[in-house]
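Take this structure first; my questions come after.
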Amino acid sequence: MTLKSKKEEAGGKKKKGLRSFLSNKLPPYIMVAPAIIFFLLFTVYPIVDMIILSFYEWNVIQPRKWVGLWNYKYLFDIQIDFKIALQNTIVYTVSEVFFLILFALIFSVWLQKDSKVNAVLQRIMFFPHLCAMLAVSVMFSWLMDENGLFNMVLSFFHLPGLRWLNSSSTAMMSVVIVSVWKSIGYQTLILLSALKTIPADIYEAAALDNTGPVRKFFCITIPLLSPQLFFMLITITMSSFKVFDSVRMLTKGGPGKSTVVLVYYIWSYAQSNLKYGVAAAAGVVLLVILLILTFFYFRILDKKVHYQ
Amino acid sequence: MGKIVLKNICKNFGEVKVLENLDLTIEDGTFTVLVGSSGCGKTTLLRIIAGIGPATSGEIYLNDEEISDVAPGRRNIAMVFQNYAIYPNMTVKGNIEFGLKNNHVPKAERERLISEIAESVGLTELLKRKPSALSGGQRQRVALARAMVKKPEVFLMDEPLSNLDAKLRIQMRSELIELHKRLKTTFVYVTHDQVEAMSMADKIVLMEKGVIQQQGSPEEIYRNPSNVFTAQFIGTPAMNILKLPNGCHMGFRPEKALMSETAPYENCAYRTQGQVLTREMLGSETLYKVMVAHVDGSSQPVMVKMTEETIAEDRSVRIAVPEKDLYFFDREEARIRKEEKPGQYEECLRCLREVRT
Amino acid sequence: MTAKQKRKIARIVTGTLNTLFKVFVGFLFLFPFYWMAITSVKPYLETLQFPPTLWPKNFTWSGYQTVFRELNIWMYIKNTIIVTGSVMVIQIFVDVPAAYAFARWKFKGSGILWLLVMAAFMVPGQLTFIAIYFMFADWGILNSLLPQILPSGASAFAIFLLRQNFKQIPEELIESARLDNASEWKIMWRLMIPMSKATVVTTLLFSFIGHWNAYFWPLVMTRDEKLKPITLAIERLKDMERGLDYTVIMAGNIILVLPVVVLFLLFSKKIIQAMAYRGMK
């Protein structure tokens, strides 16, 4: 073979390579490109910028000034309001997790049977989840008014009225009540569909073994639901750490600082105090918490896949 | 025209080498059947020809033109899939029309082609139906019509009959043969069913572990197998293979063996005695499993197929096979043909004779 | 009484109690909505009455009239609809191809890119709003609706859901379409989308509900009254000069909730299925 023909052959191969690259390798990149650009702009860049900003002092008007870890010191050492916010968020999260899982378990087992009434009730309970938080908060601010329906019911049973959202001792509890009410239908729904995946023959075998309903619940339902319950634990925790809307609408963080949560803290430092560095540092703390939770989330997700 | 030439085809799935340096020529207008057990690489080969599962390396020619990097839709090849791959969201007509539209065939021409094809496969009344309202056989026809309407140079079929019930399968088999006669284009048909392969093919390509074991007409493959694998793959029950004292193998087909309780079979090259173990009545034939005393002194079961059904279980019988129906294979299980290796052939024959005396 | 009769009576009693309790729970979840509805048609003075009336003595549409006339609610609704509509259109063109690529193609770097999608799924707007706000300020688009539209352009959840669906479509169909000389674009629009109609509709529904109810994002992105969505307008009803007028507030909230009610009544089965899936994953 002459040198020339060898060269030609090599050229031919290259051309072929390009053609097959264009038809076999390129399309997926073109298809994901728009989405990736959106995510880079609106997820990656903001997060990176937030982490950088957390080491600076900045109030928009003056240029950014490097302050090292001062913002973090401000959060944990200098002021106590961040610790209060963190504490409030934890209280809120723990109550959400506890009540949502408890009620979701009760309701899902109770409404498990396929019947018309159950289907209708499931839908009624689910609807608030889709409904705007704003409308829900308006309804509950009226219900929880000092002359509102809740106190009327309490006085009917000769119980003293509560100040609900207007007292620092009950405000957090009231916010929890509202959000549990709003999303219990959704959580119930998830558990109901998880229950459907438990094979009927297990229950049939239990029935033949003369298993009582309580035993059935604790020895069969709960263990078989445990991956799902753990999953719920993580997702509820994650969404609770992000809570903002209900707090803003119902209490605006008050009375005092009794319902200031993490995101509310970040928002108010950015919006009203114009201390963007501090807001960013608080954001980083929330990000770390969410990352840890995400890690567990995927661990369980993997396990579940292996399980099947 | 539809001649396919595959040169030096390799295909790896990750670390696993499915095909290695495979060469194959499929002549224009033949009904070629790729047959082999599952995992032998026959479907992989078909997908390489179609272009939907490109080869790792190697070249494919269609009518002497290289098409290795031509997009599947531009190869002028049609394929019928195992599960038909009918687009569930389109009507029967939409399914047939889809490819034509992609190739920018004008509307009037499309209508003409569709009605012509629908007529020829008997789908005219069903054109407006959705696939979900079709039976298995009707879906099969839609898949065929969709392939035919493109007037391709090559039809590829990947076990198209495996999802049909037995009766329909036999009917579709003969319809496909007729179709091939009518269209006179190249058919490449993949199946694991040797009966299907024997009944439909002009040419059978028998594959195992990514290697072509033998290719030829059904008759050739049946009568003149080149190795133990081919000999045992084609024909039911499989050919009896027995070891000879010299390490070679001897084989005979169950339907070629002679068996009776009394006849001496003087003129047969292979003669032995045995005892009937079981008897299966198949209708026109009866299948016997017989324990025979083999040349090396051991006893081995062999299958014998006969039209007579007079011999009862547990009876002692004589079994014999004439020389023309005996096959010899060497230690590597390759065929020893009399005309190619007369020395080895004679040696094997001698093994049989020695024992008899 | 025989044991059989006893068992029968016990069954009837528990059954009735069970149903009664279910009615009670249903009441707990429906009552607030009922209250909102009747309050919105009560005259102002009747809303102040103690104890409150369970059915309005006098009906009035004045609450709705105030919302529509004094508040110029149409402008806000228009903003919401433009935002929601644009988001849905952008999402279709961005999410469907991405989901298709992730479901059907093996390509170098797909792992790391998928990780990026997951990250976007986990990172809430509550963390990104500061940087994005100033980015938009740099771009000079703060005085448009774009800040409310663009950040939702790609939805990780939609990509997730669609990818799952595309994965279930048999490979043969796509191969067959490629043999039929269909482009990837055509395979997507003529095959994948029609075959995943239910999922596409569901993701669009979620998108709609999410943006109709959106609160946090517009709150941090909008300064100009002309750009605010319906939620922010309805929220302001509480801070009107005349003080708390529950007739008007409830009327506004009914308007806010009504489209979602209608959608839920129409698509409840689909929504519930998708929601359950989202929770199970």
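With respect to B:P152, determine if the residue is surrounded by 16 or more Cβ atoms within 10 Å (Cβ to Cβ) and over 15 Å from the mean Cα position of the chain (by Cα).
yes
Can you report the number of residues in the range A:120-136 which are free of Cβ contacts under 8 Å to residues at least 60 places away in the same chain and under 15 Å from C:P259 (Cβ atoms)?
5
For the range B:28-45, check the following and say yes or no: at least one residue is over 17 Å from B:V190 (Cβ atoms) and in a loop (DSSP other than H, G, I, E, B). Spell out how you get there, then give the answer.
Going residue by residue through the range B:28-45, those that are over 17 Å from B:V190 (Cβ atoms) are B:28-29.
Then drop every residue that is not in a loop (DSSP other than H, G, I, E, B), which leaves B:28-29.
The answer is yes, given that some residue of the range B:28-45 is over 17 Å from B:V190 (Cβ atoms) and in a loop (DSSP other than H, G, I, E, B).
Going residue by residue through the range A:232-242, is there one that turns out to be more than 14 Å from chain C (Cβ to nearest Cβ), among the aliphatic types (A, V, I, L, M) and outside any loop (DSSP other than H, G, I, E, B)?
no
If you don't mind, there's one more thing I want to ask. Can you name the residue in the range C:221-260 that is hydroxyl-bearing (S, T, Y) and part of a helix (DSSP H, G or I) and, of all such residues, is farthest from the other protein chains (Cβ to nearest Cβ)?
Within the range C:221-260, the subset hydroxyl-bearing (S, T, Y) is C:222, C:231, C:246-247.
Next cut, part of a helix (DSSP H, G or I) only: C:231, C:246-247.
Values: C:T231: 5, C:Y246: 7, C:T247: 12 Å.
Only one residue tops the list, namely C:T247.
May I ask you to say which residue of B:G58, B:G73, B:G14 is in the same structural domain as B:L179 (by TED's automatic domain parsing), without any contact (Cβ under 8 Å) to a residue 24 or more places away in the chain and not aliphatic (A, V, I, L, M)? Write out each step before concluding.
On the way: B:G58 fails: without any contact (Cβ under 8 Å) to a residue 24 or more places away in the chain; B:G73 fails: without any contact (Cβ under 8 Å) to a residue 24 or more places away in the chain.
Unique residue meeting the criteria: B:G14.
Can you name every residue in the range C:146-162 that is buried (at least 20 other Cβ atoms within 10 Å of the Cβ) and more than 18 Å from the chain's Cα centre (by Cα)?
Selection gives C:P147 alone.
Just one of the numbered conditions (1) in contact with a Cys (Cβ under 8 Å, 6 or more places away or on another chain); (2) part of a strand (DSSP E or B); (3) over 23 Å from B:G216 (Cβ atoms) is not true of B:A55; which one?
(2)
In the range B:278-300, is there at least one residue being modelled with pLDDT of 85 or more, part of a strand (DSSP E or B) and within 30 Å of B:T56 (Cα to Cα)?
Checked against the condition, which is being modelled with pLDDT of 85 or more, part of a strand (DSSP E or B) and within 30 Å of B:T56 (Cα to Cα), the range B:278-300 yields no hits at all.
A:V120 fails exactly one of the following numbered conditions: (1) within 26 Å of C:G210 (Cα to Cα); (2) surrounded by fewer than 16 Cβ atoms within 10 Å (Cβ to Cβ); (3) touching a helix residue (DSSP H, G or I) at 6+ places or on another chain (Cβ under 7 Å). What is the number of that condition?
Tallying (1) within 26 Å of C:G210 (Cα to Cα); (2) surrounded by fewer than 16 Cβ atoms within 10 Å (Cβ to Cβ); (3) touching a helix residue (DSSP H, G or I) at 6+ places or on another chain (Cβ under 7 Å), A:V120 fails exactly one: (3).
Still on this structure, I have one more. Go through the range B:1-42 and count every residue that is among the hydroxyl-bearing types (S, T, Y) and modelled with pLDDT of 90 or more.
Residues in the range B:1-42 being among the hydroxyl-bearing types (S, T, Y) and modelled with pLDDT of 90 or more: 3 in total.
Do you know which residues across the range A:107-119 are without any contact (Cβ under 8 Å) to a residue 24 or more places away in the chain and either among the aliphatic types (A, V, I, L, M) or not in a helix (DSSP H, G or I) (or both)? Before you say what the answer is, go through the steps one by one.
We begin by selecting, within the range A:107-119, every residue without any contact (Cβ under 8 Å) to a residue 24 or more places away in the chain; these are A:110, A:113-119.
Of everything in the range A:107-119, those that are without any contact (Cβ under 8 Å) to a residue 24 or more places away in the chain and either among the aliphatic types (A, V, I, L, M) or not in a helix (DSSP H, G or I) (or both) turn out to be A:K113, A:D114, A:S115, A:V117, A:A119.
Also: Checking the condition part of a helix (DSSP H, G or I), among the polar types (S, T, N, Q), under 28 Å from the mean Cα position of the chain (by Cα) and more than 18 Å from A:V97 (Cβ to Cβ), which residue from A:S193, A:S226 passes? Outline the logic, then answer.
Numbers: A:S226 fails: more than 18 Å from A:V97 (Cβ to Cβ).
Residue meeting the stated conditions: A:S193.
How many residues does the range A:76-101 hold that are at pLDDT below 90, in contact with a helix residue (DSSP H, G or I) (Cβ under 6 Å, 6 or more places away or on another chain) and away from every other protein chain (no Cβ under 14 Å)?
Matching residues across the range A:76-101 total 1.
Picking from A:V278, A:V288, A:V261, A:V247, which residue would you name as being more than 16 Å from the chain's Cα centre (by Cα), within 13 Å of chain C (Cβ to nearest Cβ) and among the β-branched types (V, I, T)?
Residue meeting the stated conditions: A:V278.
If A:K252 satisfies every condition in (1) facing another protein chain (nearest Cβ under 10 Å); (2) surrounded by fewer than 21 Cβ atoms within 10 Å (Cβ to Cβ) but one, which is the exception?
The number of the failed condition is (1).
While we're looking at this one, here's another question. Only one of these is surrounded by 20 or more Cβ atoms within 10 Å (Cβ to Cβ), touching a Leu at 6+ places or on another chain (Cβ under 6 Å), facing chain C (nearest Cβ under 8 Å) and not β-branched (V, I, T): A:A104, A:A132. Name it. Step through it out loud before you land on a result.
Details: A:A104 fails: facing chain C (nearest Cβ under 8 Å).
Exactly one of A:A104, A:A132 is surrounded by 20 or more Cβ atoms within 10 Å (Cβ to Cβ), touching a Leu at 6+ places or on another chain (Cβ under 6 Å), facing chain C (nearest Cβ under 8 Å) and not β-branched (V, I, T), namely A:A132.
Exactly one condition in (1) out of contact with any helix residue (DSSP H, G or I) (no Cβ under 7 Å at 6 or more places or on another chain); (2) over 17 Å from B:K150 (Cα atoms) is not met by B:M90; state its number.
Of everything listed in (1) out of contact with any helix residue (DSSP H, G or I) (no Cβ under 7 Å at 6 or more places or on another chain); (2) over 17 Å from B:K150 (Cα atoms), B:M90 misses just condition (1).
Let me ask something else. Do you know which residues across the range B:29-60 are of a type in the set (S, T, Y) and either under 24 Å from A:K25 (Cβ atoms) or within 14 Å of another protein chain (Cβ to nearest Cβ) (or both)?
Scanning the range B:29-60 gives B:T43, B:T44, B:T56, B:S57.
Does C:E184 satisfy the condition of being modelled with pLDDT under 85 and closer than 23 Å to C:V200 by Cβ?
yes
Quick test for you: out of B:R141, B:R74, B:R112, pick the one residue that is more than 25 Å from the chain's Cα centre (by Cα), away from chain C (no Cβ under 14 Å) and not hydroxyl-bearing (S, T, Y).
Residue meeting the stated conditions: B:R112.
Right, something else. Count, please, the residues in the range C:104-130 that happen to be under 20 Å from C:L227 (Cβ atoms) and modelled with pLDDT of 85 or more.
Step one: of the range C:104-130, the residues under 20 Å from C:L227 (Cβ atoms) are C:125, C:128-130.
Still in the running and modelled with pLDDT of 85 or more: C:128-130.
Residues flagged as under 20 Å from C:L227 (Cβ atoms) and modelled with pLDDT of 85 or more within the range C:104-130 amount to 3.
Quick check on the range B:83-109: of everything there that is touching a residue at least 12 places away in the same chain (Cβ under 8 Å) and among the charged types (D, E, K, R), which residue is nearest to the other protein chains (Cβ to nearest Cβ)?
Going through the qualifying residues, I end up with B:E97.
Inspect all residues belonging to the range C:174-192 and state whether any of them is within 14 Å of chain B (Cβ to nearest Cβ), in contact with a Lys or Arg (Cβ under 7 Å, 6 or more places away or on another chain) and part of a helix (DSSP H, G or I).
yes
Could I ask something else about it? Sort out for me the helices (runs of 4 or more DSSP H) sitting completely within the range C:1-115 that have 3 or more residues that are on the phi > 0 side of the Ramachandran plot, free of Cβ contacts under 8 Å to residues at least 60 places away in the same chain and surrounded by 12 or more Cβ atoms within 10 Å (Cβ to Cβ). I'd like the intermediate steps shown before the answer.
On the way: elements: C:3-39, C:44-48, C:62-69, C:73-104.
It comes to none.
The values are calculated or read from the model by the stated rules, or taken from the named source; none is laboratory data. Just so it is clear, the model here is predicted, and its values are computed rather than measured. Virtual Cβ from ideal backbone geometry, glycine too; neighbours counted across all protein chains shown.
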